[in-house]
Amino acid sequence: MKHIIIFVTALLMLSACKNDSYESGDGQYSYLQADFVEANTSASKELVSARTDDGDMLLFSPHVFKEWASTPDSVYRSLLYYNKVNDDRTTEVYSIVQIPVVKIHKLKGTDEISTDPLFLKSAWISKNRKYLNLYFGIKTGVEDGNDNIQTLSVVYDPDVNNSNDSRNPYIKVVHKQNGVPEYYTSYGYISVPLNDFSLGTTIHLSVNTYDKGWITRDLEIK
């Protein structure tokens, strides 16, 4: 079973909401915007443009280099903070952070899963209907002699008979604390691609949370 490894540094992301201004007035960051995007690299591995979940195309000036965008002519799911420098599409990048993309996996008979709790702050389907986005928190910490790492994945729920029904899928967030200390909470995002689902599909998302126990969120692709 595939999963992502949760690195604390990857979770310490800026947490402004989509399309919110950074501050009021006419300061340096007065018109800063935040959007989830698909960012594009050039042949020289520079990030040169992005398309927002609303469908807007943004051109970066100047171009941006990030070590995580290491493949030329590729697309990276990202959270972008930017200023539009004029009335056209030209954009000045303030910050861009890669968002892990986690596919839904079918469990095999030999797969073992761990459903340790986490915090689910929000879950929503992007306006372009391409992703289910999760904003979550995990408890973490550093301890001498403990090099364990946490993992996170999304699977079809093995406890529901029609979990593989593409029109009515039941999915579960799988989290393994793996002995990592729980001293404080760190927050981050993941995006789950929805290319296997069509309009009218209702996704039933189950998460084991610290504060509410098992919860289910029903999200319709519309």
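The values are calculated or read from the model by the stated rules, or taken from the named source; none is laboratory data. From a predicted model like this one, the values you see are computed outputs, not experimental measurements. Cβ atoms come from the backbone with ideal geometry, glycine included; neighbour counts cover every protein chain shown. Calculation scope for accessible area: heavy atoms of the full protein, side chains included, ligands and nucleic acids excluded. Shrake-Rupley method; radii C 1.70, N 1.55, O 1.52, S 1.80 Å.
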- May I ask you to list the lysines whose Cα is less than 18 Å away from that of K121, ignoring any residue fewer than eight positions away on the same chain? K18, K139, K172, K212
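Classify region 77-221: rounded, prolate or oblate, from the alpha-carbon gyration tensor (a ≥ b ≥ c, eigenvalue square roots; a/c under 1.5 rounded; otherwise prolate if a/b is larger than b/c)? Display every interim value, and only then the final one.
On the way: a/c = 2.20, a/b = 1.13, b/c = 1.95.
Oblate is the answer for region 77-221, as a/c is 1.5 or above yet b/c matches or exceeds a/b.
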- Message: Please report the projected area of region 49-143's Cα convex hull averaged over all directions, in nm².
- Response: 9.7 nm²
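When you count, for each residue, the other Cβ atoms within 10 Å and take the mean per peptide, how do 125-132, 61-68 rank with the highest first?
Values: 125-132: 17.9, 61-68: 13.0.
Sorting 125-132, 61-68 by mean packing, highest first, produces 125-132, 61-68.
I need the shape label for region 105-172. Rule: rounded when a/c is under 1.5, else prolate if a/b > b/c, else oblate, with a, b, c from the alpha carbon gyration tensor. Please report the intermediate quantities before stating the final value.
Numbers: a/c = 2.90, a/b = 1.41, b/c = 2.06.
Because a/c hits 1.5 or more and a/b fails to exceed b/c, region 105-172 counts as oblate.
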- Sparse-neighbourhood loop sites, GluC sites (Glu not before Pro) in region 111-202 - DSSP loop, at most 14 other Cβ within 10 angstrom: E112, E182
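Can you sort T91, T71 by 1.4 Å-probe accessible area, starting with the largest? Intermediate results must be reported in sequence, preceding the final value.
Working: T91 0, T71 65 Å².
My answer, sorted largest first, is T71, T91.
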- Each label point is 7 Å from the Cα along the Cα-to-Cβ direction; what then is the distance between the points at D54 and S122, in nm? 1.4 nm
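Within a Cβ distance under 9 Å of P181, other residues only, what is the Lys/Arg minus Asp/Glu net charge? Walk me through the numbers on the way to the answer.
On the way: positive: K139; negative: E143, E182.
Net charge around P181: -1.
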